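Worksheet: the structure to be examined is printed underneath.
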Amino acid sequence: MQMISKMTEKRKAIIIGAGPTGLAAALRLHQQTDIEVTLYELRSEPTTLGGAIGILPNGLRLLHRLGVYEKAVARGFSSSNMTLHSLQGNIVAQQDYVGWAREKTGFGYLRIKRTDLVDVLLEAVQQMNIPIHFNTRLTTIEESDLSVKVVFEDGSTDTADMLIGCDGIHSFVRRTYVDPEKTLEYSGMSGLGSLIPTSALSPTTTDQVTGLDVTLTEDGMLAVNPCTANKGELFCFFSKEAALPESGGGRDGWEVHRKEEVDGFKSTLLRSLENARGEWGTALREIVNNISVVKFYPVYRLPLGGIWSKGRCVLVGDAAHAMSPHAGQGVSMGLEDVFLLSRLLEDHKRSLDEVFDKYDHIRRPRVNEIFKLAAQNAEVRRKSSAWGLWFKELKVSVGMCLAWALGMEKTGLRQAHLVYDIDAVELA
Ligand SMILES: Cc1cc2nc3c(=O)[nH]c(=O)nc-3n(C[C@H](O)[C@H](O)[C@H](O)COP(=O)(O)OP(=O)(O)OC[C@H]3O[C@@H](n4cnc5c(N)ncnc54)[C@H](O)[C@@H]3O)c2cc1C
């Protein structure tokens, strides 16, 4: 059984990775426990990853409890209006897609640039004077009965009572220490995304984007969503299938494919939109014509199962359970992990073994549920024939009409997972 070194001494935790999960873990442990935290981040600056992410009510509620919600809202775009457009220029369906969950939780939907979210969390970490070291790549983890020691590439070391691996999908902590057997799987799906300043667009086009505006094409799903509070930037992303390169899923294989996807992004999309009609068709072509920097992400995930802790080390966020992004829950899953872990660590009497066992036991079913939901949501993004596309749109439209006619929207249909509150889960 892993005991904390000396009960009278302050406990110490090392957090590896300063993405959304690592920063949130540092904040929550600082707020809720007596644990001294130090963060280590591989990159030389907070983040260079682009794009914008959507955060749903279960995650926003936790950002609120971290004390960063207002600042996040001041940067991102809050609207849960979802419009499904057809290429014929009609509106197939329109709804407030978290209406029921908002009533229950008081939180809606926020689309925020990843850099802004990380900035807001980092600012809070710095305000709490939590030490954070950039440019530090973890290279070795060693454990003894009383502590865990980490060694970084520059030769520096640190020792603590526990190590929290928040180092993302390619987690070093997982690969080399906690669960080396686990391998990533390619989901068959990919995402292409770009940030577009609305100053480059006509007011008519900007006005038409009211929230998450989605258009299905035969090749995949095209979505546009403002991602800054003043609607100064739109995030345009295209979810679609992409075959594994013939040379395999290694870095080189994807590098060639990435270049082809990025180079062809605009022309392929414009071809799909050639016959798009109406004001929406014109708006989409204008938006796509203004795309300049494109990022391509082949979507990998960790198959369900696997080990989340070993000795004094535990995996949290994407490091433990990276899933496809199609449920919009990646960040929220990391936040839920962090809140539970922190609550479990609050009680000094629990050994680390007990904490990590309970963490695993409580989180597994929730993670499995959301993983499956994300996989299901990917289906609508798959390639289809013209008839297939017509059928998909019909299904969405009829489904929404029926739900409305039968009053199912009022029962929280498809929204129950958004009101889940990790702090309300019994620990006993
Ligand atoms: C295309 C796409 C779209 C997405 N859309 C959404 C969305 O709309 N909503 C949503 O909630 N989620 C979305 N996600 C998922 C979301 O981005 C992740 O779930 C989230 O970033 C996970 O946060 P994390 O902190 O666990 O990991 P990461 O964000 O990967 O952060 C890990 C950090 O650890 C650092 N690190 C790695 N190795 C080391 C090391 N050896 N030493 C020190 N530091 C290290 C990295 O540099 C990084 O800063 C999307 C993902 C993709 C790919």
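The values are calculated or read from the model by the stated rules, or taken from the named source; none is laboratory data. Please read all numbers here as calculations on a predicted model, not as lab measurements. Here the Cβ positions follow ideal geometry from the backbone for every residue, glycine too, while neighbour counts run over all protein chains shown. Just the protein is used for accessible areas: all its heavy atoms, side chains included, with ligands, DNA and RNA removed. Shrake-Rupley method; radii C 1.70, N 1.55, O 1.52, S 1.80 Å.
Here are a few things to note about the model shown:
- Of the GluC sites (Glu not before Pro) in the stretch 207-287, those whose Cβ has at most 10 other Cβ within 10 Å and which sit in DSSP loop: E246, E274
- Take every DSSP beta bridge whose two residues both sit in the stretch 21-154; close to 90 percent of them are antiparallel.
- Dipole moment magnitude, nearest 20 debye, the stretch 290-428 about Cα centre, only Lys, Arg, Asp, Glu C-beta charged: 640
- Hull shadow area, averaged, the stretch 35-105 [alpha-carbon convex hull, nm²]: 8.1
- For the chain, the Kirkwood hydrodynamic radius from C-alpha pairs, put into Stokes-Einstein at 10 °C and a viscosity of 1.306 mPa s, yields a diffusion coefficient of 70 µm² per second.
- Accessible surface, 1.4 Å probe, highest first, among residues D145, D263, D421: D145, D263, D421
- Sorted largest first, extent of the stretch 178-219 alpha carbons per principal axis (Å): 53, 27, 16
- Entry note, the stretch 269-417: relative contact order of 17 percent, from Cα contacts under 8 Å with a spacing of 6+ residues.
- 222 nm mean residue ellipticity, helices alone, for the chain (DSSP H n ≥ 4; -39,500 (n - 2.57); rounded to 500): -11500 deg cm²/dmol
- Carbon/sulfur fraction of accessible area - the stretch 84-156, other protein chains in place, 1.4 Å, %: 42
- The slack in the chain from K372 to D207, taken as 0.36 nm per residue of separation less the alpha-carbon distance, amounts to 55.9 nm.
- Under 30 Å of direct C-alpha separation, and excluding same-chain neighbours fewer than eight residues apart, K349 reaches these lysines: K6, K10, K12, K149, K310, K358.
- Reachable lysines, given that their alpha-carbon falls under 18 Å from the alpha-carbon of K104 and they are not under 8 places away in the same chain: K410
- The accessible area of S351, taken with all protein chains in place and a 1.4 Å probe, comes to roughly 0 Å².
- Computed with every protein chain present, the accessible area of F371 is close to 20 Å² [probe 1.4 Å].
- Computed log₁₀ I(q)/I(0) - Debye formula, equal Cα scatterers, no solvent, the stretch 318-403, q 0.12, 0.21, 0.24, 0.26 Å⁻¹: -0.53, -0.99, -1.12, -1.20
- Accessible surface, 1.4 Å probe, highest first, among residues F172, F107: F172, F107
- Sorting D423, D207 on solvent-accessible area from highest to lowest, probe radius 1.4 Å, gives D207, D423.
- Counting only protein heavy atoms and using a 1.4 Å probe, the accessible area of I35 comes to about 10 Å².
- Using a probe of 1.4 angstrom and keeping all protein chains present, the accessible surface of the stretch 164-206 works out to 39 square angstrom per residue.
- Charge dipole magnitude, Cβ of K and R +1, D and E -1 - the chain, Cα centre, debye nearest 20: 640
- Taking label points 7 Å from Cα along the Cα-to-Cβ direction, W387 and T411 give a separation of 3.3 nm.
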